[in-house]
1. Keeping every protein chain present and rolling a 1.4 Å probe, give me the accessible area per residue for segment 31-176 in Å².
2. Quick one: what are the phi-derived ³J(HN,Hα) couplings along segment 84-93, Karplus 6.51/-1.76/1.60 with θ = phi - 60°, whole Hz, x for glycine and proline?
3. Quick one: length gained pulling E164 to N142 fully straight, 0.36 nm per residue minus the C-alpha distance?
4. Relative contact order for the chain using alpha-carbon pairs under 8 Å, separation at least 6, rounded to a whole percent?
5. So how do H41, H47 rank on accessible area, 1.4 Å probe, biggest first, that is with the largest at the start?
6. Quick one: which of K111/K170; K24/K111; K81/K170; K24/K121; K83/K121 span more than 25 angstrom between C-alpha atoms?
7. Taking 0.36 nm per residue of sequence separation and subtracting the Cα-Cα distance, how much length would be gained by fully extending the chain between K81 and L176, in nm to one decimal?
8. Could you please report the charge total around T140, scoring K, R as +1 and D, E as -1 over all other residues with beta-carbon less than 9 angstrom from its beta-carbon?
Amino acid sequence: MAIEAWFMDDTNEDPRLPHRPNPKELLPLDQLAELGVLYWHLNPNDHENDEELRNIRETRGYNYMDLLDICPEKLDNYEEKLKNFYTEHIHGDEEIRYCLEGSGYFDVRDKNDRWIRIWIKAGDLIILPAGIYHRFTLDTSNYIGLMRLFIGEPVWTAYNRPQEDHPARKDYIKSLTEKVGLPLEAH
């Protein structure tokens, strides 16, 4: 089962709603890959022993891991943090999230600055490249349990748009035009 992605509609309704255009049209995963977004579907019930997850971590150098529950009952300053997550931003490093439970939306900008909504559910591991404009919100379930992966010590610094002069943004834009090979094949 693959993640679902679509171009978002232009309404200003609750961000936790799907914002699917009508008629419903899903984007192929290779369209996400062209933006540098990588995806795997793994077994969230056995993440401690998952060989494929171990291989991804070793190959990509992800040596730090933590778990995070995002829901009103478990996250201090829930409303404020969700608002911050939904503010369009970039990071200087990849953002790696593995959904163990629940579901939520990552929105990324395409090459024409349109929003693509990516619905992640249990078992979905997604990697957003450094420098891509994105944001996150829960869906109407109001819960997601995530594994966060990092290279080295975690850095959670978000740089809100505009960031066209940020080195990670410049490298990202360059990568869209030069297309280099990926060290590990994603699904």
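1. Working: 6880 Å² over 146 residues.
On a per-residue basis, segment 31-176 sits at 47 Å².
2. Going residue by residue, I get 5, 4, 8, 7, 4, 7, 10, 10, x, 10 Hz, with x marking Gly and Pro.
3. Numbers: separation 22, 0.36 × 22 = 7.92 nm, distance 3.25 nm.
Between E164 and N142, full extension yields 4.7 nm more.
4. Relative contact order for the chain comes out at 30 percent.
5. On the way: H41 60, H47 40 Å².
My answer, sorted largest first, is H41, H47.
6. Details: K111/K170 14 Å; K24/K111 21 Å; K81/K170 27 Å; K24/K121 19 Å; K83/K121 21 Å.
From K111/K170; K24/K111; K81/K170; K24/K121; K83/K121, over 25 Å: K81/K170.
7. Working: separation 95, 0.36 × 95 = 34.20 nm, distance 3.04 nm.
Gain in length upon complete extension: 31.2 nm.
8. So the surrounding residues net to -1.
The values are calculated or read from the model by the stated rules, or taken from the named source; none is laboratory data. If you're wondering where the values come from, they're calculated on a predicted model, not measured in any experiment. A quick note on method: Cβ atoms are made from the backbone with ideal geometry, for glycine too, and the neighbour counts reach across all protein chains shown. Side chains are part of the model used for accessible areas, which takes the heavy atoms of the whole protein and leaves out ligands, DNA and RNA. Shrake-Rupley method; radii C 1.70, N 1.55, O 1.52, S 1.80 Å.
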